[in-house]
1. Within region 93-120, track down each residue that is open to solvent by 50 Å² or more (accessible area, probe 1.4 Å) and touching a strand residue (DSSP E or B) at 6+ places or on another chain (Cβ under 7 Å).
2. Among the numbered criteria (1) more than 10 Å from the ligand (Cβ to nearest atom); (2) within 24 Å of R167 (Cα to Cα); (3) open to solvent by 70 Å² or more (accessible area, probe 1.4 Å), which single criterion is violated by T33?
3. Of the numbered conditions (1) in contact with a helix residue (DSSP H, G or I) (Cβ under 8 Å, 6 or more places away or on another chain); (2) open to solvent by 30 Å² or more (accessible area, probe 1.4 Å), T57 satisfies every one except a single condition; which is it?
4. Looking at H48, H44, can you tell me which residue is under 22 Å from A147 (Cα atoms) and open to solvent by 80 Å² or more (accessible area, probe 1.4 Å)?
5. May I ask you to list pairs of residues, at least six apart or on different chains, whose Cβ atoms are under 6 Å apart, with the first in region 48-59 being charged (D, E, K, R) and the second being surrounded by fewer than 22 Cβ atoms within 10 Å (Cβ to Cβ)?
6. Taking F79, is it among the aromatic types (F, W, Y), more than 22 Å from D30 (Cβ to Cβ) and surrounded by fewer than 20 Cβ atoms within 10 Å (Cβ to Cβ)?
7. Counting residues that are near the ligand (Cβ under 8 Å from one of its atoms), which strands (runs of 3 or more DSSP E) fully inside region 57-129 reach at least 2?
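The values are calculated or read from the model by the stated rules, or taken from the named source; none is laboratory data. Remember, predicted model here, so these are calculated numbers, not experimental data. Glycine gets a Cβ as well: all are built from the backbone with ideal geometry, and neighbour counts include every protein chain shown. Side chains are part of the model used for accessible areas, which takes the heavy atoms of the whole protein and leaves out ligands, DNA and RNA. Shrake-Rupley method; radii C 1.70, N 1.55, O 1.52, S 1.80 Å.
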Amino acid sequence: MSHVHGLGMVHTPHDEVRLRIDGLLKDEDDWVTAMATVVCELHHAFDHFHWTGFYRTVRPNHLKVGPYQGGHGCLDIPFDQGICGAAARTATTQDVPDVHARPEHIACSSSTNSEVVVPVTAPSGHVIAVLDVDSDDPAAFDGDDVALLESICSTLGERYGEAVVARIPGLA
Ligand code: SME
């Protein structure tokens with residue numbers, strides 16, 4: 001639902017969730033609190049987001065699940081496995097309309113048909129986490145979804161990146 005404001009500005013649902021997240025995190029310096037807030041806001045804003053969560057770099061080339069909403073998520077994903085691993089390894093968004101066409105896809109849930117994974121990259125270039133959104137719907141995510149996730153992850157990387165890198169053993 002879009003709201004038309006007095007100045008004639010139209011806020012899309014994507015704008016609204018972004019504004020809400022920006023407001024909630026305005027004075028927040030804790031990385032885990034930020035991740036938990038982002039996944040909650042995103043997950044409940046969009047009906048086609050069936051699993052929404054972060055995987056965090058806990059040591060070089062290894063991800064562990066972080067805050068998430070949805071069913072059980074796999075605990076560990078090495079950088080050389082899964083779509084999440086590909087996003088972390090290449091520091092690029094993985095937009096996968098059909099997970100069955102990507103043999104490396106890790107099926108935490110057999111009902112998943114499409115997913116988008118966006119890296120959270122620190123200014124130093126280290127990937128500190130990835131944001132993974134899965135849907136049971138085929139080709140569920142459009143350009144607005146991807147742009148929103150990329151914009152949020154870019155802000156998170158700038159904001160929390162260097163402090164997080166400094167705490168990951170073997171990374172800095
Ligand atoms: N689909 C991901 C694994 C994580 S879960 O789906 C929550 C992947 O292949 O990286």
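1. D95, P97, D98, R102, I106
2. With (1) more than 10 Å from the ligand (Cβ to nearest atom); (2) within 24 Å of R167 (Cα to Cα); (3) open to solvent by 70 Å² or more (accessible area, probe 1.4 Å) applied to T33, the lone miss is (3).
3. (2)
4. H44
5. Qualifying pairs under 6 Å: R56/K64; R56/G66; R59/P169; R59/G170.
6. yes
7. Details: elements: 62-69, 76-78, 94-96, 114-121.
So the answer is 62-69, 114-121.
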